[in-house]
Amino acid sequence: MAQTSNGDRVFYGVNYSLLTIFTLLCILPFVHIIAISLSSYRAVVSGEVGLWPVDFTLTAYRNLIREGTIFQALRNTVWVTVVGVVLSMTATTLAAYPLSKKRLNGRPILLWLVIFTMLFNGGLIPTFIVMRTYGLINRYWVLWLLGLASGFNIFIMKTFFQEIPDSLEESAWMDGAQDFTILLRIVLPLSMPVIATLTLFYAVGTWNSYMNVLIYIQDPSRYTLMLRLRQMVNQVNDAMLSAESTEGTEGAQLLDNLITPESIRSAAIIVATVPILIIYPFLQRYFVKGVMLGSLKG
Amino acid sequence: MHDLVQSAVQSDTASQRSQRAKRRWTEIVRDRQLYLMFLPILVWLIMFRYVPMYGLQIAFRDFRFADGISGSEWVGFEHFIKMFGSPEFFLLVRNTLLLNVYQLVFQFPAPIILALMLNEVRNRGFKRISQTLLYVPHFISWVVLGGIIIAILSPSTGIVNNLRVELFAAEPVHYLINNGWWVFWFIASGIWKSAGWGTIIYLAAISGIDPQLYEAATIDGAGKFRKIFHITLPGISGTIAILLILNLGGFIEIGFEQIYMLQNPVVREVAEVIPTYVYRAGLRGGLFSYTAGIGFFQSVVGLVLVWGANRAVKALGGSGLW
């Protein structure tokens, strides 16, 4: 289109400006938190910190390291995530491949068994009671098994498998290959985009998961990063509330002696977020494709 | 003669039936590895999804751990009668419904609008960077997002209040302990996390629209907005309908983590919802059967809503979820 009308020019101008604002709104809070985590406590309390650190200091991170529990929590989270992703990907693949075969007898029943769990569930209390009966309280197995496979992810993968031309599998079948072999040797190597996408989804889901850990893991030495982080957020909050409600010099003194000041909380937030931000750009080019494929032709 | 034909036809169908059964059996044998693959999932579905559903019957019993799920005393609708008679329950249902309605009105259209805007961007670099950044909050946990929100809204050190004080010389506001503001920030945080990510699916749908439609409209002299309203939006209405159904399924099942992170006792009157109450009164307070009943009520309403929405979409000529 060679000529752009005046109306269109205004339209584009407004559109670009609004999008820029939205994008910045999305991302600036993170920048602000990073700035706080690197600023001195005085600068934070006096409200001088915007998007750039004031009185640059690494004290918050040093305190975080000295306190130590965050590393145990980090180790726990890595373990829970790695094992969880391996189990989830295996289960999702094993569920999705048979469901992608239209020739399979009884396929509608199996599909509905999965779909129904997406529409209805037993709820928190019955699930808790059943997990207790299974003896899974305080074990990571409860996290791995409860989050083993999500119906949505099974469907994304099933749709992807259906897009692979049947002829490839048929010729392997003629050569005497069985379904397991076909899945491993032919289908999976062709499915890297969907594997990358779902790996990211499961990894982020497990890494970020809070509710199940809160409910099922009671031993503090087995807490994950999110639980530990939440404790720190609460500590700051309670301390701030009591300091704010205590008037005058006494209140100011309380603020000065906070055990977990704003900056440490911010540092913990950054520590918990950075691993995701590191893997995110590498997987991003896959997941946009993966999500589109799975969602559109479901 | 007539009888003979009849019996011949009958014997024929009988043999056809047995043949069909035989063929089906060979197919099942041929696909044995596929069934074997599905077997672990089947066992898992039963143990971790369907057994808890079976456990819902404790809503009709007085559950005690010593007696187990099916051994506890049967009390019929006692818990439900108590539930419907309690003002607490109506507070929970009201809050759950209201927050969901607000989400539906403000949060659901956000990714659609954002996708329409992104679709009009011609500069590829701008589009890619802006999309990459808009997706980020989706990957950050509610614990972190909640922590950030609490930090930036703090009345003493939060940047939002600092700006207010500096720019407008206004008094700092305790946002998260004020009922109205709390709801505002709850919805805003939901949009923050989900709007960018939600655009993916709409952008995919938009890219499936026939470009000739736009060319024809341009020749007819249609402006930007007319094209958006008469081509783009109708083109993605099917996707919108499906996401609406899915959203209604989550309707009454409001996200536990988001609300739990932002909640505090002061705003209980607007912020206490079914899942948080079930957690506190049920798991922490030990009211297992009563809160299982509340959870049951919630699940059933959610199921009915999905079912209804799906039927409505189909009745209007769309293709539903099933």
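Every number in this text was worked out from the coordinates using simple rules, so none of it is lab data. Note that the coordinates shown come from a computational prediction; the quantities given were computed from them, not determined experimentally. Reconstructed Cβ throughout: ideal geometry from the backbone, glycine too, with neighbour counts over all protein chains shown.
Structure data summary
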| read-out | value |
| --- | --- |
| Least to most buried among B:Y290, B:Y54 (fewest other Cβ within 10 Å first) | B:Y54, B:Y290 |
| Residue-averaged beta-carbon neighbours from other chains (10 angstrom radius) around A:27-33 | 5 |
| Lys pairs, the protein assembly as shown - Cα-Cα below 19 angstrom, 8 or more residues apart or on other chains | 11 |
| Efficiency of FRET between B:T26 and B:F65 - r from beta-carbon atoms, R0 56 angstrom, step 0.05 | 0.65 |
| Two-site label geometry, B:K224 and B:I113: point separation in nm, points 7 Å out along Cα→Cβ | 1.5 |
| Separation between Cα centres of the stretch B:61-92 and the stretch B:116-157, rounded to whole Å | 43 |
| Fully extended contour minus Cα-Cα distance, from B:S86 to B:L39, at 0.36 nm per residue | 12.4 nm |
| Farthest positive-ward along the stretch B:78-315 dipole, Cα basis, beta-carbon charges - from B:F288, B:V143, B:A309 | B:A309 |
| Residue order, fewest to most beta carbons within 10 Å, for B:E166, A:E262, A:E169 | B:E166, A:E169, A:E262 |
| For B:S72, net neighbour charge (Lys/Arg +1, Asp/Glu -1) across residues whose Cβ lies under 12 Å away | -1 |
| Relative contact order computed over the stretch B:251-322 (Cα-Cα under 8 Å; 6+ residues apart), in percent | 29 |
| MRE, 222 nm, helices only [DSSP H, n ≥ 4, -39500 (n - 2.57), over chain B, to nearest 500] | -21000 deg cm²/dmol |
| Dipole magnitude of the protein assembly as shown, debye to nearest 20 (Cβ charges: Lys/Arg +1, Asp/Glu -1, about Cα centre) | 1520 |
| Rg in Å to one decimal, and Dmax rounded to a whole Å, for the stretch B:176-322 via C-alpha atoms | 20.6, 69 |
| Under 5 Å, built H, 5+ apart or other chain: amide partners of B:H174 | none |
| Relative intensity, log₁₀ I(q)/I(0), of chain A from a Debye sum that treats every alpha carbon as a point, q = 0.15 Å⁻¹ | -1.20 |
| Projected area averaged over orientations for chain B, convex hull of C-alpha atoms, nm² | 30.6 |
| Farthest toward positive dipole pole in chain A [+1 Lys/Arg, -1 Asp/Glu at C-beta], among A:A203, A:P126, A:A95 | A:A95 |
| Residues B:H138, A:H32, sorted so that the one with the fewest Cβ neighbours within 10 Å comes first | B:H138, A:H32 |
| Residue-span extension gain [A:I278 to A:T181] - 0.36 nm each, minus C-alpha spacing | 31.5 nm |
| For the protein assembly as shown, convex hull volume per residue from C-alpha positions, Å³ | 229 |
| Residue-averaged [θ]222 nm for chain A, counting only DSSP H segments that reach four residues, each worth -39500 (n - 2.57) | -24000 deg cm²/dmol |
| The stretch A:35-99-the stretch B:255-318 distance, computed between alpha-carbon centres (Å) | 30 |
| Most positive-pole-ward Cα, B:L233, A:F116, B:V270, against dipole of the protein assembly as shown from beta carbon charges | A:F116 |
| Charge dipole magnitude, Cβ of K and R +1, D and E -1 - the stretch B:78-315, Cα centre, debye nearest 20 | 380 |
